[in-house]
């Protein structure tokens, strides 16, 4: 009886769903704000039962941490809001190539040449304008016009170490050359009058309040503000259009599997979810970002992908040219 009872108990235990073990946990080093990452991570956890631990810090700090930790790292994936940072991590040998079959749905210009990182969601560098001042801003057609002296004291920009700012400058360098962009940067220094912002959301807020007339931001901050305050006197201005325009600078947030992760197969499950239609829709609807999959539409509130001209600069260039861009920004004396 005792032996039979033990056998029945064992069979009963085996019949139950296996509890998720510590081995079925993933650690992400994330350079993105938690609010942009948490919704899609929670959807993955709910679907798979795999726990995801997110360690947040600036992308540059996390790259240095991964480099120092080397094969002792506990990180399984590196996530950043900037293609430049992702490419830097790749160039330092910190990431593992992802098999083509797992990422072929993402266009090649939104991932590394060796698939060591892939872009998950894209954002556009656009202008936010106070609608009450729009009549005074008719001369602004390009981001280059932000250096016009008529905008002195009226312009909102982020500080020069902001990843999106650096990436945007790289795109402008590639399209227009260092000499023109250096002069432009000096114009921004003059027009900002020593006041720069640490967050895009604060630029949008101040433009809405009339403290600034125009600002250079990532597109989704405009729509996140309008979600909360639909009557705010702001609108998007998409720069550099037309036959002669260079197009809008894009950047991608993306992810790579850490080279020294001991859970690459598990990490691949998260990557597969992030590039799935379900995962991509979360970036679109929750964050107001552009999915990098062409077969997933952007949220209806934002300009449709393909409805405006985008600068033809591959995302991997944002990392390869990062050092030169930072040097040019420093030369201009930006804060």
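The values are calculated or read from the model by the stated rules, or taken from the named source; none is laboratory data. None of these values were measured; they are calculated from a predicted model. Neighbour counts run over all protein chains shown; Cβ positions are idealised from the backbone, glycine included.
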Condition met for residue 178 (closer than 20 Å to residue 133 by Cβ and more than 20 Å from the chain's Cα centre (by Cα)): no
Condition broken by residue 276, with the remaining ones in (1) in contact with a strand residue (DSSP E or B) (Cβ under 7 Å, 6 or more places away or on another chain); (2) without any contact (Cβ under 8 Å) to a residue 40 or more places away in the chain satisfied: (1)
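Quick one: which of 194, 187 is at pLDDT below 95, under 14 Å from residue 154 (Cα atoms) and over 20 Å from the mean Cα position of the chain (by Cα)?
194
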Members of the range 243-261 found to be at pLDDT 95 or above, part of a loop (DSSP other than H, G, I, E, B) and surrounded by fewer than 24 Cβ atoms within 10 Å (Cβ to Cβ), listed by number: 245, 246, 247, 259, 260, 261
Residue list for the range 148-159, filter: buried (at least 19 other Cβ atoms within 10 Å of the Cβ) and closer than 12 Å to residue 216 by Cα: 154, 155, 156, 157, 158
